[in-house]
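Peer 1: I'd like to ask some things about the structure below.
The values are calculated or read from the model by the stated rules, or taken from the named source; none is laboratory data. This one's a predicted model, so the numbers in the text were calculated from it and none came from an experiment. Cβ atoms come from the backbone with ideal geometry, glycine included; neighbour counts cover every protein chain shown. Calculation scope for accessible area: heavy atoms of the full protein, side chains included, ligands and nucleic acids excluded. Shrake-Rupley method; radii C 1.70, N 1.55, O 1.52, S 1.80 Å.
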Amino acid sequence: MVNKNEKLARYYARCDIDLLKGHLKELLKKAKEEIEEISVEDIDLENMILIDVREADEFASGVIPAANVFTIPRGKLEFAVDDKLVDMSDHPVVCYCLKGARGLLGAKTLKDLGFTNVVNLKGGIQNWVRSGRSIKNYLGHFKLENL
């Protein structure tokens, strides 16, 4: 029989932040092996479906102004795939986040859900803005200068 101290020690071993970060690195490595990353220059705002997987408070800062852009936080992606997105599952889909990691995991999730043509925007919206392209929010379209 395992005593309380042993149970506690096992629990803390599983919750070791370095161990968890190691698992995350491995998860991202596997996702990179499966998911293609595309550059800002390869984004077609008219014909691609973009899915911003950042958190809701991040959307307010601006999104990439695509003809078809969805704002679905990474943690809700599996539950937010509705009929409209399923009907678009054979179209080119680009996931993005701030820097790229959540977008990569979002793209992997969509692939696992049956999307056949899904990629990640390398460097995320941060890379988009740094390349001199505009974003939009409730105030309109704008570019951020001197980044």
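Peer 1: Could you go through the range 25-30 in sequence order and give the Karplus-derived ³J(HN,Hα) for each residue, using 6.51 cos²θ - 1.76 cosθ + 1.60 with θ = phi - 60°, rounded to whole Hz, and x for Gly and Pro?
Peer 2: Whole-Hz 3J(HN,Hα) from phi for the range 25-30: 4, 5, 4, 5, 4, 5.
Peer 1: Debye calculation, C-alpha points only, no solvent: report log10 I(q)/I(0) for the chain at q = 0.09 Å⁻¹, in the same order as the q values.
Peer 2: -0.34
Peer 1: Taking θ = phi - 60°, what integer Hz values does the Karplus form 6.51 cos²θ - 1.76 cosθ + 1.60 yield along the range 91-103, in sequence order, with x for Gly and Pro?
Peer 2: 7, x, 10, 10, 8, 8, 9, 6, 10, x, 5, 5, x
Peer 1: Which lysines, on any chain, are close to K25 with Cα under 25 Å apart, when same-chain ones fewer than 8 places away are left out?
Peer 2: Leaving aside lysines fewer than 8 places away in the same chain, those within reach of K25 are K76, K99, K108, K111, K122.
Peer 1: Could you check the spin-label model distance between N3 and D87? Points 7 Å from the Cα along Cα→Cβ, value in nm.
Peer 2: 6.5
Peer 1: Give me the 1.4 Å probe accessible area per residue for the chain, excluding ligands and nucleic acids, in Å².
Peer 2: So the chain comes to 63 Å² accessible per residue, rounded to a whole number.
Peer 1: Taking amide H positions as placed 1.01 Å from N in the peptide plane, with prolines and chain starts having none, which residues 5 or more places from L45, or on another chain, fall under 5 Å of its amide H?
Peer 2: Residues meeting the amide H criterion: none.
Peer 1: While we're looking at this one, here's another question. Taking H as built 1.01 Å from N, whose amide H comes closer than 5 Å to the amide H of C95, not counting residues under 5 places away?
Peer 2: The list, which skips near neighbours in sequence, is I51, V119, N120, L121.
Peer 1: For the range 69-83, take each phi angle, set θ = phi - 60°, evaluate the Karplus expression 6.51 cos²θ - 1.76 cosθ + 1.60, and give the result in whole Hz per residue in order, putting x for glycine and proline.
Peer 2: Residue by residue, the range 69-83 yields 10, 10, 10, 10, x, 3, x, 10, 4, 4, 8, 9, 6, 10, 4 Hz.
Peer 1: One-quarter of the Cα convex hull surface for the range 22-91, in nm²?
Peer 2: Taking a quarter of the hull surface, the average projection is 6.0 nm².
Peer 1: Using a Cα-Cα cut-off of under 18 Å, which aspartates and glutamates could be cross-linked to K7, ignoring same-chain neighbours fewer than 8 residues away?
Peer 2: Candidates past the 8-residue exclusion: D16.
Peer 1: Where in the range 109-147 are there chymotrypsin sites (Phe, Trp or Tyr not before Pro) that are in a DSSP coil and have at most 14 other Cβ atoms within 10 angstrom of their Cβ?
Peer 2: Y138
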